[in-house]
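Written out below as structure tokens is the structure these notes cover.
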Amino acid sequence: MERIIEILQYTLRKGTGVTFHNIMREISIPLHQRHGIEVISFGHSMHNPDCYYLIRAFDSHESMVVVLDAFYASTDWRSGPREDIISCIESSQKTVVSMPSGSMEELDRYVAMVNAQ
């Protein structure tokens, strides 16, 4: 079974990386999970603490659209971390790919290994 993987890359305003990560870890990621969004991984880029990534997985492109539309329209998001997150972001890029289940399993193992370090 294939999964849809969304990779978000952010260039943050200079010096906001630590603040952004704290908001993501303490507020945004738990909020994603409460809304049923599977977060594969998130964190700073190895080359720059003011560059950041967020990787999310979905069952289909259609479900991604429905789930994210509902998430971003929710009061939890709009009255929650939205403004604090947006104020840290200078620019962002989004990539969406279809990934076969075998590749998904490899990605899950890799993320588990990285998180264990």
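The values are calculated or read from the model by the stated rules, or taken from the named source; none is laboratory data. All values reported here derive from a predicted model rather than from experimental measurement. Cβ atoms come from the backbone with ideal geometry, glycine included; neighbour counts cover every protein chain shown.
Brief remarks on what is shown
- Here is the figure for the range 38-55: residues that are hydroxyl-bearing (Ser, Thr, Tyr), surrounded by 16 or more Cβ atoms within 10 Å (Cβ to Cβ) and modelled with pLDDT of 95 or more total 1.
The rows are residues; the columns are (1) basic (Lys, Arg); (2) surrounded by 13 or more Cβ atoms within 10 Å (Cβ to Cβ); (3) in a strand (DSSP E or B); (4) touching a strand residue (DSSP E or B) at 6+ places or on another chain (Cβ under 9 Å).
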| position | (1), (2), (3), (4) |
| --- | --- |
| 15 | no, no, no, yes |
| 20 | no, yes, no, yes |
| 23 | no, yes, no, no |
| 29 | no, yes, no, yes |
| 32 | no, yes, no, yes |
| 57 | no, yes, yes, yes |
| 64 | no, yes, no, yes |
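- Some residue of the range 4-16 being within 17 Å of residue 68 (Cβ to Cβ), touching a Leu at 6+ places or on another chain (Cβ under 6 Å) and touching a residue at least 60 places away in the same chain (Cβ under 8 Å): yes
- Pairs with Cβ under 6 Å, 6+ apart, first in the range 76-92 and farther than 18 Å from residue 37 by Cα, second part of a helix (DSSP H, G or I) and not polar (S, T, N, Q): 84/23; 88/20
- Of the residues making up the range 34-52, those that are of a type in the set (S, T, N, Q) and farther than 26 Å from residue 101 by Cβ are 45, 48.
- Members of the range 83-96 that are more than 14 Å from the chain's Cα centre (by Cα), assigned to a strand (DSSP E or B) and either surrounded by 11 or more Cβ atoms within 10 Å (Cβ to Cβ) or among the β-branched types (Val, Ile, Thr) (or both): 90
- Test for residue 6: is it of a type in the set (Asp, Glu) and surrounded by fewer than 12 Cβ atoms within 10 Å (Cβ to Cβ): no
- Subset of the range 66-79 (residues that are surrounded by 14 or more Cβ atoms within 10 Å (Cβ to Cβ) and outside any helix (DSSP H, G or I)): 74
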